[in-house]
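Beneath this line is the structure, given in structure tokens, with notes to follow.
The values are calculated or read from the model by the stated rules, or taken from the named source; none is laboratory data. Remember, it's a predicted structure, so these values are computed and weren't measured experimentally. For neighbour counting, all protein chains shown are included, and Cβ atoms are generated from backbone atoms with ideal geometry for every residue, glycine included.
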Amino acid sequence: MKRIAVLGSTGSIGTQTLEVARWRGYRVAALAAGDNAAVLLEQVREFRPEVVSCSTRAAEEMKPHLPPGTRLLHGPEGAEEVATSEVDVVVAAIPGMAGLAPTAAALRAGRHVALANKEAMVVAGPLMTGLLQEHGARITPVDSEHAALHQCLADQPRDSVAGLVLTASGGPFREGPADLSSVTVEQALAHPNWSMGPKVTVDSATLFNKGLEVLEAHFLFGVPLSAIEVVVHPQSLVHGLVRFRDGNVLAQLGPHDMRIPIQYALETPERPPIPLQPLPLKGVWEFQEPDHERFPSLGLAYRAGEVGGLAPCYLNAADEVAVEAFLSGRIGFDVIPEVLATTLEAAPNSSLEWGALEAADAEARRVASEYLQHLGTAPGLAP
């Protein structure tokens, strides 16, 4: 019986991972989450993990209700202990910078990591690949796009690869309005194809999420940024393509269902059956160029990758600040790329080291927050 640990078990990827665990009969040995004590306690009662970790506040709520045999941890150290549990696969689905340390801990422990936390590779890609080599760990991507590329590349010689193609739905504003300054939070969260958390859904609307995926693909597969392209594919059924030097192109297709790439990451190289309807192949399929002028966040991600060092860390932190400000109604949608560009300009020309990441993240958040304060009630800001 396969043993798994789930980091971020109460989030979208985490809950879908547990659905796959029910299908496959996995032993869910360890869970880590944040503040959602109610959902986490339901998961603990169902799966009876050996260890569970959450925030300090949630731990106080859960402590009186834990079933016998489950050990309760809390805080960042608890998440790292869950990440190093004796399991076959660690699903890394804690979003943002909070997922960086436990993901690194799992790799240091030599675990197979099913990676859904793209920020881990964006912010610390070279450091993460160093841990892979040093500790004999393994990463299989969970994001549908990177799972697609992983399958298309398979055992192909890397010198035969000419480039990678990531597909983007285009988000809710693909066809308008031309002026994005007045779009609402509700409109930005109305993704046409996928059901995701608020942060990643807004990132999809700005196309910044696709920029993060470009950087993740760059570090995961060792392909130059200049050889990674993005195309808008509104149907979101082709998840990724690989161009080969001989002119051939391989593509991976699948329904709008994250449980498919999750199961792939957990089971690869095996492909057990899945209780879902097969993908219908009839209908209109189209590919378009992304509009970089309307969605400048995508180009900023490429720029951060070209600068390297701490620049991706600065950009990622700025986006977390900007998206939170948009979701809380403090800024307009069109201000998000302004915050990213301003913060990226402040990134130092420094090498990437483990000890520098926390301070860089904090400084980038300070720069982004200071810029928002400077804007005040300027045009584009919500009242």
Consider the range 56-96. How many of its residues are polar (S, T, N, Q) and within 26 Å of Asp143 (Cα to Cα)? 2
Inside the range 116-147, the number of residues satisfying the requirement of being basic (Lys, Arg) and either more than 21 Å from Ser9 (Cβ to Cβ) or modelled with pLDDT of 95 or more (or both) is 1
Pick out the one residue from Leu215, Leu250 that is more than 29 Å from Leu315 (Cβ to Cβ), touching a residue at least 60 places away in the same chain (Cβ under 8 Å) and among the aliphatic types (A, V, I, L, M). Leu250
Does Ser328 meet the test of being closer than 24 Å to Gly222 by Cα, surrounded by fewer than 16 Cβ atoms within 10 Å (Cβ to Cβ) and out of contact with any Lys or Arg (no Cβ under 9 Å at 6 or more places or on another chain)? no
Determine which single condition Pro49 fails, assuming it passes every other condition in (1) farther than 22 Å from Ala265 by Cβ; (2) modelled with pLDDT of 95 or more; (3) part of a loop (DSSP other than H, G, I, E, B). (1)
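Quick check: anything in the range 344-353 more than 22 Å from Ala188 (Cα to Cα), among the hydroxyl-bearing types (Ser, Thr, Tyr) and part of a helix (DSSP H, G or I)? Give the derivation first.
Looking only at the range 344-353, we keep the residues that are more than 22 Å from Ala188 (Cα to Cα), and these are 344-353.
Then drop every residue that is not among the hydroxyl-bearing types (Ser, Thr, Tyr), which leaves 350-351.
Going one step further and asking which of them are part of a helix (DSSP H, G or I), we end up with none.
No: zero hits.
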Inspect the range 62-79 for any residue being touching a Gly at 6+ places or on another chain (Cβ under 9 Å) and either crowded, with 18+ Cβ neighbours inside 10 Å or modelled with pLDDT under 95 (or both) and give the result as yes or no. yes
